[in-house]
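Please read the structure below before turning to the comments.
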Amino acid sequence: MHKEFSRIVSEKMWGKRLDHYLILSGIGVSRNRAHNLIKAGAVLVNSKKSKPGYTVKPGDQIIAQYEIEDDFKITGEPMPLDIIYEDSDVVVVNKPTGVIVHPARGHSHGTLVQGLLYHCRNLPEHKDSKIRPGVIHRLDKDTTGLLLFAKTDQALSTLGKAIEAR
């Protein structure tokens, strides 16, 4: 499926690398894919091709056009979850080391997202990515720590904007 991502860089994102900005702004692809999209010319800054290390400035117009896999379905899988807090809008999970947050190439099972889908039954989807339902932020595979997941569209939107503004 064809996707288009369009953003105007805010003051708070000033100084970020373009590839990092795309991830923080919710393009919905991996860091590696964002890097490759930029190098392939699929990401334009002010209507011009750029480089992954370009430093974004307030007012820059970022447009990306890319394809995503339409038929990729994520299903819940039973797994132990260390839930620290949960209400009707969010769930906070203590991610153990060695666990991948969401499915990615080579990691289609045993992810935290799949465990949460089994636990919650439904998580809101990012408009640009079906592989990261409810994900507000991520931690690397070998990092342990608290992760915040949204359980509603409103929480996903509000918390996503808050992370972008930080």
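The values are calculated or read from the model by the stated rules, or taken from the named source; none is laboratory data. Since we're looking at a predicted model, the values are computed, not measured. Cβ sites come from the backbone with ideal geometry, for glycine too, and all protein chains shown count toward neighbours.
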Query raised in the report: Condition test on Y66, is it closer than 26 Å to A165 by Cβ, modelled with pLDDT of 95 or more and touching a Leu at 6+ places or on another chain (Cβ under 6 Å)?
Result: no
Requested in this report: Evaluate region 99-115: report whether one residue or more is of a type outside the set (V, I, T) and at pLDDT 90 or above.
Outcome: no
Requested in this report: Give me a count of the residues in region 51-62 that are more than 24 Å from H137 (Cβ to Cβ) and in contact with a strand residue (DSSP E or B) (Cβ under 6 Å, 6 or more places away or on another chain).
Outcome: 1
Query raised in the report: Looking only at strands (runs of 3 or more DSSP E) that fall completely inside region 1-104, which ones have 2 or more residues that are outside the structural domain of D142 (by TED's automatic domain parsing) and within 19 Å of the chain's Cα centre (by Cα)?
Result: 2-8, 61-67
Query raised in the report: Taking into account only those residues within region 11-50 that are in contact with a helix residue (DSSP H, G or I) (Cβ under 9 Å, 6 or more places away or on another chain) and farther than 19 Å from H137 by Cα, which is surrounded by the fewest Cβ atoms within 10 Å (Cβ to Cβ)?
Result: K49
Query raised in the report: Are any residues in region 79-110 under 28 Å from N32 (Cα atoms) and among the polar types (S, T, N, Q), and if so, which ones?
Result: N94, T97, S108
